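To keep things clear, I will list the structure first and then write my remarks on it.
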Amino acid sequence: MSTRSEKDQFLSSLGDDGNSESWLVGNSPQKNVKIETGCNDETDLVDRISHLPHALIVQILSRLSIIDAFRTSILSKDWRYFWTAIDNLVYDNEEFNCSDSSMVHKFISLTDNVLPLLSSSSIKKCSLNFVFRHNDEVSYFPVIDKWLEFAVNKKVEGLSLKISYDTDDIENDQPYSLPKVFCSSSSIQKLKCQNCRILDDCVLNWTSLKILTLEDLLIQDKHISQIMSNSPQLESFSLYKFCGFNYLHMTSPNCKKLKLIDHYHPTGDWFSFEGDCCFEVVAPYVEHLTIFGDFDYTIIELKDLSSLDHAKLDLCSDEFDSLDEGILIDLLVSVGCANELILSSWFIKVSYQFQMSLVFNFYVNCE
């Protein structure tokens, strides 16, 4: 834990070059707004926020990004250390001008200096939104590794990791890979990862995990199996823009919700897949099932859904041939035990077209 002298030394160093403090103020994303107070005299103004309980002030600051929370240290001597007690970490370099790599580097440098000064023994939530630049020839992977390791060491309970890029041309770039120390965290209860990669030799062992959302990734069968076997408390599992596995067997009695949103092939790997993709879902304890979005050239086999109460089939396909009549009938039969069933207009339309085609063929054959 950092001492008060260490904090004083760092805070006082902000003015050494004459630039750091002005950078903090000048690069704030908020615009200056004139506030009408209704007071005739400046002496009538009351600093009501500073008179709030310290715990409430810390709670308010915990809802800000870590940089915005740190900015409050220059308000007054009383506010000098409030930010060091926050238990939520929000990193967002998208709020700065990402077209200027020097701004990103300053954001990283400041965050690296701020993190060791935090006094909270644990972190409730951590949200990291990081935009990668492809033309500054700098790898930010070690930076994210370090920040995630810090969160894991602080026993983070909820974590949202969003990796995005400032260009659409990412076919030749390797996505960010989750560090092994993060994949074995025993404290994480809620996790959301977007645009990340799970290494082949990585073992997923989130023993306290209850809610998991994975987006924009290729995930292998062995990693699906590890999630199901090593996360016995898992209650909700959501996959967005996913691909790669063939079996999803959810046999834990605790897992009640499953969402499958958009089946996408990873960028640049489309032609490595021959024919239709097929995956099997076995979920005897799932009560709420959602299948939504595009499922071109994808065969979904729903097996044991004996506990199903609510089902939503809002999927569509640009290619009618990629979802034939048999697949549609199988999906409907598989969710037949649900007490509530919601079907998309596309699903109903295609089912009707298949039905009319059967009637037409019947009459043609009769003639």
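The values are calculated or read from the model by the stated rules, or taken from the named source; none is laboratory data. Just so we're clear, the structure is a prediction, and the values are computed from it rather than from any experiment. Here Cβ is always computed from backbone atoms with ideal geometry, including for glycine, and neighbour counts include all displayed protein chains. For accessibility, only protein heavy atoms count, side chains too; no ligands or nucleic acids. Shrake-Rupley method; radii C 1.70, N 1.55, O 1.52, S 1.80 Å.
Residues checked against (1) of a type in the set (Phe, Trp, Tyr); (2) at pLDDT 80 or above:
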residue	(1), (2)
Phe245	yes, yes
Ser252	no, yes
Pro266	no, no
Asp269	no, no
Gly275	no, no
Phe279	yes, yes
Val286	no, yes
Asp294	no, yes
Lys303	no, yes
> When only residues in segment 72-93 that are small (Gly, Ala, Ser) and part of a helix (DSSP H, G or I) count, which is surrounded by the most Cβ atoms within 10 Å (Cβ to Cβ)?
Replying inline: Ser73
>> Quick check on my filter: what residues within segment 204-225 are open to solvent by 30 Å² or more (accessible area, probe 1.4 Å), modelled with pLDDT of 95 or more and among the hydrophobic types (A, V, I, L, M, F, W, C)?
In response: Ile211
> So which residues in segment 164-200 are β-branched (Val, Ile, Thr) and at pLDDT below 85?
Replying inline: Thr167, Ile170
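Determine if segment 85-100 includes at least one residue that is of a type outside the set (Gly, Ala, Ser), farther than 30 Å from Tyr165 by Cβ, modelled with pLDDT of 70 or more and under 25 Å from the mean Cα position of the chain (by Cα).
Scanning segment 85-100, I find at least one residue that is of a type outside the set (Gly, Ala, Ser), farther than 30 Å from Tyr165 by Cβ, modelled with pLDDT of 70 or more and under 25 Å from the mean Cα position of the chain (by Cα), so the answer is yes.
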> Which members of segment 105-154 meet the condition of being of a type outside the set (Ser, Thr, Tyr), part of a loop (DSSP other than H, G, I, E, B) and over 20 Å from Phe82 (Cα atoms)?
Replying inline: Arg133, His134, Asn135, Asp136, Glu137, Val138
